């Protein structure tokens, strides 16, 4: 398939580039106006003034060339929008009229409701004055109470300063005491370290002595082993030599003798066989025949057995699913029976358990007095431990010792020991922190893992760690409510980095003074619904969920270095009190203690017996088969049995099984017969062998027995020889091993002797070091005793200062109580003020519920007469802006603009309406706080205001207004305004579209008429030139609207009358059409034209005229390529291209007329040209 190729200046290009280049030169490739065909010229003459959708006319033809057709699409869209908006406006107009009627209908009920609202406003304003007056009196009393509270606060502040001074004294004394205690502790630590070193040296010395003693024992034992091994080697060598030289030759001699004797006896047996061979030959042949028959019969038996096995396998495949279900059912029944038996055993064990429990209860009652005495003893032990050691429990003590020695890194200690809290908040802090104060604080996760592994290796128990780099303190979101305080702000950590750990323990917990305040704050009653975790000073905790923890033993004393003891033991002071109470009880029991002690042994014997019985009982109870579990298991087995369904064989399978059974039975019968034959043959062979044996003579049997005995003896001697050779080899190997071991032991002796020489001086050196450490330890012990004495004196001094501090604290409590009383008075007055404020807020809510905004913004100034009525369709039509020419717009209907009706006269308002009331003045007591002067004025007119309130309340009781009328009126008025705005918006949109449509039509008309007049004038000129006197004209069929009926093309040939172009002859049509085409190209010229036989219908004269016109155009601004057969065209051409066909192929011939000029020297100038005409073949 041939392809197209485009080139520009001998360079291959694309159609896009070629098209862009041609358009740049002004060639119209979109409408092909540069191409003039004969058919197109003829079609122009056939055009109608205005065409249709499928056939364009003169109007569309000219609009396309002029360019005004670009407005047609926008005009059609604008016309469609115009019609739509007109319909939409009519719809909105109907809605506005309906809304206006609703507003007018509600005018009367609205006035009655407004009167009721005004009375309500007066009533609420008067009540608000009374409430504000009462609140002012409460505020005045509150200010007086605050002044008294301020005086109490100043006194309390002075006392707090004294307490602070006392606290400083206590802290100074405690600091001094703590310093001495630290010094004493350091000495104790050094003492413990020396003691540990001494113990380590003692252990090493003991080990060294033991090693030395062990070395001596090894030397003795090794020397003894050397002698033993050497003796053992000598003995083994002697035994091997004796066996080799004495016993072995003797055995070999016996073997040789037995072999010679066996050979002679064998020869004798052969002689006997030769004599009896003839007699036994026939029987042997019979035995061989029977053996062959037996083998054949056994082969047949094997085939039958294989056949039976194959049939049994086939049968098993058919019956497996049935047998499997039956087997499963049998297993489930068996397991069920086992569980039933266990259930029975369990019930019997429960009966026995009740009996054992009753006996154990009786024994427990007998042990109660002894247990009480044991409690006394254990409490005394705890007190001694607490008094003697003021440190933490064993687990925390071990962890801290490991941390101090460097074994554990990043460990800071127990959380409670890392901070302090004021005694006033001690109970609250201990309660809120719960059990986290005993947790161990570490730096990171690695340190926590090391602590856990340390406790696990030493079996110290479980430990919980707080990791500092994993927790962060949350910033507070606001101030605590009701003068509460954040508990975290009351805890004083030893270092700033420990604060997040305490925050982890207490979180956002608040401290309240008592339980009532804690419940109010915790439940969100005074905080706008927000809940808090709150703890009271006496330890009552209210969680955010609403759960309250109260009662039980109060937690306290868990902060500070001396707080981390066992919770059951408590502090040393509490233990002393507990022991005092127990001692009093113990004095009462001393009389009976001796008797109880005597009974102890009897009870212990009974206890041991009962323990044994209970152990058996518990062992039975700990069996995995529980009573309920067993019952459930039995029920499950019952359900399994019900669920098991034994499938049945199909009829075909049953037939196959029956057939296989018959075949197996037949084969089995035949196999039984064969097996019976085999048994008979075996019996016959046995009898025949017996006959053969009996046929042998007594000599043969005797000789055989003799040969067997000789063979047996020979074999025994040979085995004996082999064993003897093996023993000789083993003896020699053992001797070599004993000698090697002795040599190795001699080397070990040298090593042990060197080790002994090395250990003796080390042991002596360790002994000297241990003695030095012991002396240093004794000196440190003496120093520690002196420091402990100083510490005791300081403690006594601290106790005296604390007693003085307590006296000051009592005075502080009195002042606090006075301050609390004053604060309570302030709160009472504040509560009264809040109560009046709530009443005022209620009045404000009632005021807000009234339609006061409508009252003093719209309804006091507007009425139904002020609301414009809906527009009417009757009246003067809305006219469109004038346009140059043309009919009315399509689908346009006459419409009216809204008009305001005449406002009513003043006489119309004489219908009982009240004068406008100043609602803002009435609402001032409700919406704003009154000044002191205004409150004083209220006090003077108090009785008058109360009377007004009573009168207004009576008036309101008599009224029965429709309060919803105001709201309905407001809604209807708003609805009317909304719909009116929508109508105005639609009207504006319609006017905008109408203006745009008019503008588009004017633009289209202006552009078209401008081009039309230019083409019309040029058409007249060209037609007169072509026809030498004719006339042609383009006329608008409808001068008012050029686009309605189109354009007519009228022509008056020379010396003829005016006619429409369609009524002309062929040549006249062509001339008129060509004149129009040339006029159009004058209006929109192009540099290149293609003409295809446009002169076919013209005579020679008209062809010459057209040719000369074209020649003239080529000399100005255009190039023409013409397809023609007329000589007049050839003569004026600058280049001729002929198309011919030779050898069945199309070819082109180009002729340049300038090369064929004929020179006439006499008449023509040198430049005259006579074109050559092509020869027509």
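Things worth noting here:
- Test result for residue 66, surrounded by 19 or more Cβ atoms within 10 Å (Cβ to Cβ) and either modelled with pLDDT of 80 or more or in contact with a strand residue (DSSP E or B) (Cβ under 7 Å, 6 or more places away or on another chain) (or both): yes
- Figure legend. Inter-residue proximity from segment 217-244: first residues farther than 30 Å from residue 752 by Cα, second residues assigned to a helix (DSSP H, G or I), beta-carbon distance below 6 Å, spacing 6+ or different chains. Indicated pairs: 237/735; 239/731; 240/728; 240/731; 240/732; 243/724; 243/728; 244/728.
- Complete set of residues in segment 790-830 that are farther than 30 Å from residue 482 by Cβ and in contact (Cβ under 8 Å) with a residue 24 or more places away in the chain: 790, 791, 794, 795, 797, 798, 801, 802, 804, 805
- Residues within segment 1022-1068 that are assigned to a loop (DSSP other than H, G, I, E, B) and more than 21 Å from residue 1001 (Cβ to Cβ), tallied: 11
- Among the candidates 230, 174, 151, the residue that is assigned to a helix (DSSP H, G or I) and under 30 Å from residue 724 (Cβ atoms) is uniquely 230.
- Test for residue 507: is it over 17 Å from residue 483 (Cα atoms) and at pLDDT 70 or above: yes
The rows are residues; the columns are (1) modelled with pLDDT under 80; (2) assigned to a helix (DSSP H, G or I); (3) within 60 Å of the chain's Cα centre (by Cα); (4) surrounded by 12 or more Cβ atoms within 10 Å (Cβ to Cβ).
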{"site": "897", "(1), (2), (3), (4)": "yes, no, no, no"}
{"site": "925", "(1), (2), (3), (4)": "yes, yes, yes, yes"}
{"site": "933", "(1), (2), (3), (4)": "yes, yes, no, no"}
{"site": "938", "(1), (2), (3), (4)": "yes, yes, no, yes"}
{"site": "965", "(1), (2), (3), (4)": "yes, yes, yes, yes"}
{"site": "972", "(1), (2), (3), (4)": "no, yes, yes, yes"}
{"site": "979", "(1), (2), (3), (4)": "no, yes, yes, yes"}
{"site": "982", "(1), (2), (3), (4)": "no, yes, yes, yes"}
{"site": "998", "(1), (2), (3), (4)": "no, yes, no, yes"}
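- Residue within segment 475-493 that is at pLDDT 85 or above, within 29 Å of residue 404 (Cβ to Cβ) and surrounded by fewer than 14 Cβ atoms within 10 Å (Cβ to Cβ) present: yes
- Filtering segment 467-482 to residues that are part of a loop (DSSP other than H, G, I, E, B) and in contact (Cβ under 8 Å) with a residue 12 or more places away in the chain leaves 471, 472, 473, 474, 476, 480, 481, 482.
- Only listed residue being closer than 27 Å to residue 261 by Cβ and either modelled with pLDDT of 75 or more or assigned to a helix (DSSP H, G or I) (or both), chosen from 699, 789, 730: 699
- Scanning segment 940-963 for residues that are touching a helix residue (DSSP H, G or I) at 6+ places or on another chain (Cβ under 7 Å) and not in a helix (DSSP H, G or I), we see that the one that is modelled with the lowest pLDDT is 963.
- Meets criteria (surrounded by 12 or more Cβ atoms within 10 Å (Cβ to Cβ), at pLDDT below 85 and either out of contact with any strand residue (DSSP E or B) (no Cβ under 9 Å at 6 or more places or on another chain) or assigned to a helix (DSSP H, G or I) (or both)) for residue 399: no
- Picking from residues in segment 503-537 that are in contact (Cβ under 8 Å) with a residue 60 or more places away in the chain, part of a loop (DSSP other than H, G, I, E, B) and more than 30 Å from the chain's Cα centre (by Cα), the one that is surrounded by the most Cβ atoms within 10 Å (Cβ to Cβ) is 509.
- All conditions but one from (1) farther than 18 Å from residue 544 by Cβ; (2) surrounded by 13 or more Cβ atoms within 10 Å (Cβ to Cβ) apply to residue 453; the one that does not is (2).
The values are calculated or read from the model by the stated rules, or taken from the named source; none is laboratory data. In this text, all values refer to a predicted model and were calculated from it rather than measured experimentally. Note that we place each Cβ from the backbone using ideal geometry, even for glycine, and neighbour counts take in every protein chain shown.
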